[in-house]
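The values are calculated or read from the model by the stated rules, or taken from the named source; none is laboratory data. This one's a predicted model, so the numbers in the text were calculated from it and none came from an experiment. Cβ placement follows ideal geometry from the backbone for every residue including glycine, while neighbour counts extend to all protein chains displayed.
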Amino acid sequence: MSLIALDFGPGLHGHFLEYVLNRYIFKVDVNVSSIFQSSGACHTINTDNTYQQNKLVDRGHFSSLNTPYPGSAEKIIFIQHDPDLDFILLTNVYYRCHPDAIQVVDFNAKHIEELHKSMMFHGSDAELKNNWYTKLNERHFDYAEKQPNTSLPVHRFDYASFFNLEFFLLEIKKTANFLNHTFAYDTSLSSLWIEFLQKNQGYNTWQKAATVFRHIVSGQQYPIDNDWKIHAYINHKISKIFSLYDHPKLFSLENYPSNTKEVHNIIIDHIENFDKQW
């Protein structure tokens with residue numbers, strides 16, 4: 001039987017897209033009460049044997065892990081990462097990706113977080129913040145961007161579309177056209193997407209961080225959550241836009257500023273006094 005190979009890097013929502021394509025293009029459904037684990041990952045579909053036996057789209061980290069496509073694959077769908085959304089990807093990997101969480105109905109999300117903290121070899125929030133700051137600044141995302149190497153037809157699915165319902169539905173329609181099938185939409189897909197977004201730690205943390213940054217650059221008073229991930233995002237944006245890399249209150253001290261006005265003043269001071277150092 002011919003298959004469609006869904007190629008994606010870890011954290012790029014390949015399980016979710018696999019189910020959506022099978023359900024709303026090939027009309028293959030699941031027998032589980034929810035496709036989502038408590039972490040928000042869509043790994044529960046792997047426990048449904050009937051779904052696995054009947055699906056026509058089969059996902060895998062083919063390009064990122066240098067794994068060959070199944071011999072029966074006739075077309076490739078590749079989730080194309082958007083570099084502007086590195087923070088969303090990094091956050092979702094942190095909360096969801098664990099080798100033992102793939103083939104179970106649910107998994108203790110705390111264990112996923114503990115695994116990634118141990119892999120970062122850091123303990124304090126300041127060190128964790130600087131670890132992510134480096135990943136974002138130096139773009140440690142080669143695994144997510146490795147391109148397919150194949151003579152088979154490839155359709156690139158825009159990763160950014162996952163976070164906008166209109167764009168997501170359009171991408172599903174484009175994919176259905178690529179597969180020469182009808183997009184069998186019904187309102188359950190919109191409901192499923194809403195649940196997907198509500199459970200998406202990467203998107204929701206990114207929204208919080210972007211709101212904080214908007215208040216920083218506008219000079220408005222706004223609280224900054226005590227969250228080293230948001231602090232890493234802010235520092236990354238400050239460095240990228242204002243070439244500010246080393247202020248101790250932002251990069252060295254354990255206690256990060258708790259309001260946007262203080263960070264705004266640090267940026268303005270840096271801009272006004274940077275040239276005086278030379």
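In the range 102-179, which helices (runs of 4 or more DSSP H) lie fully inside it and hold 1 or more residues that are farther than 27 Å from ILE234 by Cβ and modelled with pLDDT under 90? First the steps, then the outcome.
Details: elements: 109-120, 125-138, 142-145, 165-178.
In the range 102-179, 109-120 are the helices (runs of 4 or more DSSP H) which contain 1 or more residues that are farther than 27 Å from ILE234 by Cβ and modelled with pLDDT under 90.
For (1) among the polar types (S, T, N, Q); (2) outside the structural domain of GLU272 (by TED's automatic domain parsing), each residue gets a yes or a no:
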site: THR187; (1), (2): yes, yes
site: LEU192; (1), (2): no, yes
site: THR205; (1), (2): yes, no
site: ILE216; (1), (2): no, no
site: PRO223; (1), (2): no, no
site: ALA232; (1), (2): no, no
site: ILE238; (1), (2): no, no
site: PRO248; (1), (2): no, no
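Restricting attention to the range 255-276, which residues are touching a helix residue (DSSP H, G or I) at 6+ places or on another chain (Cβ under 7 Å) and either closer than 18 Å to THR134 by Cβ or hydrophobic (A, V, I, L, M, F, W, C) (or both)? Walk me through it before giving the result.
The first filter runs over the range 255-276 and keeps only residues touching a helix residue (DSSP H, G or I) at 6+ places or on another chain (Cβ under 7 Å), leaving 256-257, 260, 263-264, 266-267, 270-271.
Scanning the range 255-276 gives TYR256, VAL263, ILE266, ILE267, ILE271.
Let me confirm something: among LYS229, LYS249, which residue is out of contact with any Gly (no Cβ under 8 Å at 6 or more places or on another chain) and closer than 24 Å to ILE88 by Cβ? Explain how you work it out, then say what you get.
Working: LYS249 fails: closer than 24 Å to ILE88 by Cβ.
Going through LYS229, LYS249 in turn, just one is out of contact with any Gly (no Cβ under 8 Å at 6 or more places or on another chain) and closer than 24 Å to ILE88 by Cβ: LYS229.
SER190 passes all but one of (1) surrounded by 15 or more Cβ atoms within 10 Å (Cβ to Cβ); (2) in a helix (DSSP H, G or I); (3) not acidic (Asp, Glu); which number fails?
With (1) surrounded by 15 or more Cβ atoms within 10 Å (Cβ to Cβ); (2) in a helix (DSSP H, G or I); (3) not acidic (Asp, Glu) applied to SER190, the lone miss is (1).
Restricting attention to the range 130-152, which residues are touching a residue at least 12 places away in the same chain (Cβ under 8 Å) and of a type in the set (Val, Ile, Thr)?
THR150
Report whether or not GLU262 is acidic (Asp, Glu), assigned by TED's automatic domain parsing to the domain that holds GLY11 and not in a loop (DSSP other than H, G, I, E, B).
On the way: acidic (Asp, Glu): yes; assigned by TED's automatic domain parsing to the domain that holds GLY11: no; not in a loop (DSSP other than H, G, I, E, B): yes.
Taking the combined requirement at face value, the residue does not satisfy it.
Of everything in the range 244-259, what is part of a loop (DSSP other than H, G, I, E, B) and among the hydrophobic types (A, V, I, L, M, F, W, C)? Give them in sequence order.
Step one: filter the range 244-259 for residues part of a loop (DSSP other than H, G, I, E, B), giving 244-247, 252-258.
LEU244, LEU253, listed by residue number.
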